[in-house]
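Asks: What follows is a structure written as structure tokens; I'll ask about it next.
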Amino acid sequence: MRVTAELLRDWAARLCGARSGSEADLAAALGIPLDPPPPGVTRTRLRGGDIPIVELELAPPLPLGDLDRLLSAGNRLPRVDWDRPHVVAFQVAVPGASWRCVILASCDQVPAADAPVSRVTLRLDYAR
């Protein structure tokens, strides 16, 4: 099975409804088991706290263009160093939710429609 842009958007929207930033509430909001990882995901990491995140390693990779088409053009973030991945940020917000979710798509080549995204971080920020 392949992780699609629609599935990532749905997971991000679910996370917006998390009761708190605790790992237990993140897992409950996500609504899928993370151990073992779901099909299309080879590794997961969950971290609660002030800036809660869910990290996903995807296999097979997702084309960046799929996220761009679904969520409109993402924000290409500056690279931290020459050997670090390129990161593109996409915003997901749910009206009335306590959180908003930023999908951080990482790819090892210059962001383009066919650039393979093999790692995704779903980061929650307080909705304001």
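Asks: So which of 14, 9 ends up being crowded, with 19+ Cβ neighbours inside 10 Å, among the basic types (Lys, Arg) and either outside any loop (DSSP other than H, G, I, E, B) or at pLDDT 95 or above (or both)? Quick ask: steps written out before the conclusion?
Replies: Numbers: 9 fails: crowded, with 19+ Cβ neighbours inside 10 Å.
None of the other options fit; the residue is 14.
Asks: Identify the residue in the range 103-115 that is surrounded by 14 or more Cβ atoms within 10 Å (Cβ to Cβ) and without any contact (Cβ under 8 Å) to a residue 60 or more places away in the chain and, among all such residues, is nearest to residue 27 (Cα to Cα). Spell out the reasoning first.
Replies: Keep residues of the range 103-115 that are surrounded by 14 or more Cβ atoms within 10 Å (Cβ to Cβ), which gives 103-108, 111, 115.
If we keep only those that are without any contact (Cβ under 8 Å) to a residue 60 or more places away in the chain as well, we get 104-108, 111, 115.
Details: 104: 19, 105: 20, 106: 22, 107: 25, 108: 28, 111: 30, 115: 29 Å.
Checked the range 103-115; the qualifying residue nearest to residue 27 (Cα to Cα) is 104.
Asks: Determine whether the range 52-70 contains at least one residue that is over 25 Å from residue 112 (Cα atoms) and in contact with a Leu (Cβ under 6 Å, 6 or more places away or on another chain).
Replies: Yes - at least one qualifying residue is present in the range 52-70.
Asks: Among the residues of the range 21-54, what is the count of those that are in contact (Cβ under 8 Å) with a residue 40 or more places away in the chain and either surrounded by fewer than 17 Cβ atoms within 10 Å (Cβ to Cβ) or among the polar types (S, T, N, Q) (or both)?
Replies: Summing the residues that are in contact (Cβ under 8 Å) with a residue 40 or more places away in the chain and either surrounded by fewer than 17 Cβ atoms within 10 Å (Cβ to Cβ) or among the polar types (S, T, N, Q) (or both) in the range 21-54 gives 1.
Asks: Of everything in the range 75-99 that's touching a helix residue (DSSP H, G or I) at 6+ places or on another chain (Cβ under 6 Å) and crowded, with 19+ Cβ neighbours inside 10 Å, which residue is nearest to residue 25 (Cα to Cα)? Break it down into steps so the answer makes sense when it comes.
Replies: Start the filter on the range 75-99 by keeping residues that are touching a helix residue (DSSP H, G or I) at 6+ places or on another chain (Cβ under 6 Å), which leaves 90, 92, 94, 97, 99.
Now narrow it down to the ones that are crowded, with 19+ Cβ neighbours inside 10 Å: 90, 92, 99.
Details: 90: 22, 92: 18, 99: 12 Å.
In this case the residue turns out to be 99.
Asks: Oh, and also: Tell me which residues, restricted to the range 116-128, are of a type in the set (A, V, I, L, M, F, W, C) and surrounded by 19 or more Cβ atoms within 10 Å (Cβ to Cβ). Steps first, please.
Replies: First pass over the range 116-128, keeping only residues of a type in the set (A, V, I, L, M, F, W, C): 117, 120, 122, 124, 127.
Within the range 116-128, 117, 120, 122, 124 meet the criteria.
Asks: Would you say residue 125 is within 17 Å of residue 10 (Cα to Cα), assigned to a helix (DSSP H, G or I) and touching a residue at least 60 places away in the same chain (Cβ under 8 Å)? Give the derivation first.
Replies: Details: within 17 Å of residue 10 (Cα to Cα): yes; assigned to a helix (DSSP H, G or I): no; touching a residue at least 60 places away in the same chain (Cβ under 8 Å): yes.
For residue 125, the condition - within 17 Å of residue 10 (Cα to Cα), assigned to a helix (DSSP H, G or I) and touching a residue at least 60 places away in the same chain (Cβ under 8 Å) - is not met.
The values are calculated or read from the model by the stated rules, or taken from the named source; none is laboratory data. No experiment lies behind these values; they were computed from the predicted model shown. With ideal geometry, Cβ positions are generated from the backbone for all residues, glycine too; neighbour counts draw on all protein chains shown.
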